[in-house]
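> My structure is below; once you've seen it, I'll send some questions.
Coordinate-derived values only; no laboratory data. No experiment lies behind these values; they were computed from the predicted model shown. Every residue, glycine among them, receives a Cβ derived from its backbone with ideal geometry; neighbour counts consider all protein chains shown.
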Amino acid sequence: MEGEAMSVNKESYEQLKADLGSHHVTLVAVSKTKSVEEIKELYDLGQKDFGENYVQELTEKQSQLPKDIRWHFIGHLQSNKAKQLAPFIHLIQSVDSARLLQEINKQAKKINRVIDCLLQVHIAQEETKFGLDETELDTLMTTNAGELHGLQNVKIVGLMGMASFTDDMEKVRSEFKYLRAIFDQHAKRQMSNVKLQTLSMGMSSDYFVAIEEGSNMVRIGSLIFGARN
Ligand SMILES: *Cc1c(COP(=O)(O)O)cnc(C)c1O
């Protein structure tokens, strides 16, 4: 419909919310490139978790929108920008190095917060996707467990991953299975600031497969907001 092209797809949203709710899966609405008006529209339908990929875009939107929105950072985060997110971020889903974790901890400590983080694991075949590989994750979680223990202003609450961008759902499924196995393996290990509970996997095109493979948090943009430019 002309003039309504910019608005939220309410039907898809309600359907999705009902589907996910019955599976106890948390929906993060990915609002990158979308306006504050569009976000507010979805917020008014009851959505509280929103995900963004860019620090500047996120901080600008955050300042204009209701303060009870739970903002998730899902893009690649440069260490020097952690400071801008620290005061308000609900969950940083894309932690991919010990160095970044240390920086988030440092910024959180200054303002007396404990920031929840997910470690991003590289599960796709594409070279371009960020994240730790299995060995790097092992190193961070086990070899460097002592160092990790010292970071009392961050809490590692789960893992995040993105599958390959392909129509081959069996390939996507095998990547999600792989992440689930890694998750289960590390979920046994618990420290005061490490307790894996959230498995964030699944986007508009593959969330149904992700849920079948054990995801309990999906990050969905285009299905709710329409295609991005
Ligand atoms: C953009 C993005 C999404 C959402 O993608 P859609 O296909 O629009 O659902 C999910 N996760 C990450 C990390 C993203 O960058």
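> Measure nothing but the geometry: give the 0 to 90° angle between the long axis through the Cα atoms of 10-22 and the longest principal axis through the Cα atoms of the chain, rounded to 10°.
Approximately 40 degrees, to the nearest 10.
> Kindly express, to the nearest 10 degrees and within the range 0 to 90, the angle between helix 98-110's C-alpha long axis and the longest C-alpha principal axis of the chain.
80 degrees
> Among residues other than Glu57 whose Cβ falls under 14 Å from its Cβ, what is the net charge (Lys/Arg +1, Asp/Glu -1)?
The answer is +2.
> Compute the FRET efficiency between Gln15 and Ala227 as 1/(1 + (r/R0)^6), taking r as their Cβ-Cβ distance and R0 = 22 Å, and round to the nearest 0.05.
0.80
> Continuing with this model, one more query. Just tell me which aspartates and glutamates come within less than 14 Å, Cα to Cα, of Lys177; anything on the same chain fewer than 8 places away is out.
Glu134, Asp206, Glu212, Glu213
> How high is the FRET efficiency between Val36 and Lys188 when r is their beta carbon distance and R₀ equals 41 Å, given to the nearest 0.05?
0.45
> Continuing with this model, one more query. Quick check for me: using +1 on Lys/Arg Cβ and -1 on Asp/Glu Cβ, what's the dipole size of the range 113-177 about its Cα centre, in debye to the nearest 20?
So the dipole magnitude of the range 113-177 works out to roughly 360 debye.
> Related question: Just how many pairs of Lys in the range 15-115 have C-alpha atoms closer than 19 Å, counting pairs that are eight or more places apart or on different chains?
Pairs that pass both the separation and distance tests number 24.
> Suppose only helical runs count, i.e. DSSP H with n ≥ 4. What mean residue ellipticity at 222 nm does that imply for the chain under -39500 (n - 2.57) per run, divided by all residues and rounded to the nearest 500 deg cm²/dmol?
-10500 deg cm²/dmol
> Given Cβ point charges of +1 (Lys, Arg) and -1 (Asp, Glu) and nothing else, what value in debye, to the nearest 20, does the dipole of the range 19-141 about its Cα centre take?
The dipole magnitude comes to about 740 debye.
> Within 10 Å, count the other beta carbons around each residue, average over each peptide in 24-31, 53-60, and list them highest first.
24-31, 53-60
> Counting only other residues whose beta carbon sits under 9 Å from that of Met201, what net charge do I get with K and R as +1, D and E as -1?
-1
> Expressed in nm to one decimal, what extension gain is obtained for the pair Tyr54 and Lys177 from 0.36 nm per residue of sequence separation less their Cα-Cα distance?
Extending this stretch completely gives an extra 41.4 nm.
> Around Glu136, with a cut-off of 13 angstrom between Cβ atoms, what is the net charge of the other residues, counting Lys and Arg +1 and Asp and Glu -1?
That works out to -3.
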